[in-house]
1. Given a 1.4 angstrom probe, I'd like the percentage of the accessible area of segment 1-90 that is carbon and sulfur, rounded to a whole number.
2. Under 8 Å for C-alpha pairs, at least 6 residues apart: give me the relative contact order for segment 1-127, rounded to a whole percent.
3. Mind checking which of Phe44, Ser84, Gly32 is farthest towards the positive end of segment 1-114's charge dipole, using Cβ charges of +1 (Lys, Arg) and -1 (Asp, Glu) about the Cα centre?
4. Relative to 2.2 N^0.38 Å, what does the C-alpha radius of gyration of segment 1-108 come to as a ratio? Two decimals please.
5. Rolling a 1.4 angstrom probe over the protein heavy atoms, how many square angstrom per residue are accessible across segment 1-42?
6. Which trypsin sites (Lys or Arg not before Pro) does segment 1-52 hold that lie in a coil by DSSP with at most 13 other beta carbons within 10 Å?
7. Say each of Phe69 and Arg16 gets a label point 7 Å from the Cα, pointing the same way as Cα to Cβ; how far apart are those two points in nm?
8. Packing-wise, with mean Cβ within 10 Å as the measure, how do 130-139, 79-88, 100-109 rank, highest first?
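The values are calculated or read from the model by the stated rules, or taken from the named source; none is laboratory data. Remember, it's a predicted structure, so these values are computed and weren't measured experimentally. Virtual Cβ from ideal backbone geometry, glycine too; neighbours counted across all protein chains shown. These area figures cover heavy atoms from the full protein model, side chains too; ligands, DNA and RNA do not enter into them. Shrake-Rupley method; radii C 1.70, N 1.55, O 1.52, S 1.80 Å.
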Amino acid sequence: IAAHQATKFVNVWQYRPFIIYAIVCSCLTILGLAGLCLRSQPRFDVIGIAIFTILWLALGAYSADIIGFVQCETLAGQYKQTQSGGRYSSMAWCREMKAIMAFSFATFGILLVCLIILLALIINLHARGVMGVWGASVSELPWFGQFGDYRDSRSYPAPQMVAQPQYSGNVIHQLPGHEVIIENGQVRQVPTGMPAY
């Protein structure tokens, strides 16, 4: 729709910035999402989708600022001057601007939902111990309900229980890795070491 308006109004000074921004936003999103499909890692996807989400929100706000609360039916019979010196229906222009505004906010909503789902998936996997989730391929990550025992090569190994030595005296727990043992009136400090995983 913006490309159609560019053929009519790109040399009209009051519409030029909006038309250029609308075309650039659309092209960047198409090329950027194609690039993200080629290099699909959460660290790139989150940043890229967040940038595209902001661009589309700005385009929706920009179009709302231009056309806002104008009722298109009130412009019936009025015309706008085109770059070639012709006339274009103001009502048709108004409806095109309303369509751009609607599609901008719809695209913003879709991208925002994708961003939230991707972040929820990544945070959930990270909480389950998958430390390499930011560098993994998004297509290989398990989705909600499919986690099972998923671990990649960069995950921490599963924790194991380590047998602790048994003492017959009173044990006073202090800092991790150190204990004070009182046995037969003698005080001694025994480093217990960190548990092995």
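1. Roughly 67 percent, rounded to a whole number.
2. Across segment 1-127, relative contact order equals 29 percent.
3. Among Phe44, Ser84, Gly32, the one farthest towards the positive end of the dipole of segment 1-114 is Ser84.
4. Values: Rg = 16.0 Å, N = 108, 2.2 N^0.38 = 13.0 Å.
The value comes to 1.23.
5. Ligands and nucleic acids excluded, the figure is 59 Å² per residue.
6. Passing sites in segment 1-52 are Arg39.
7. Placing both labels 7 Å beyond Cα along the Cβ direction yields 3.1 nm.
8. 100-109, 130-139, 79-88
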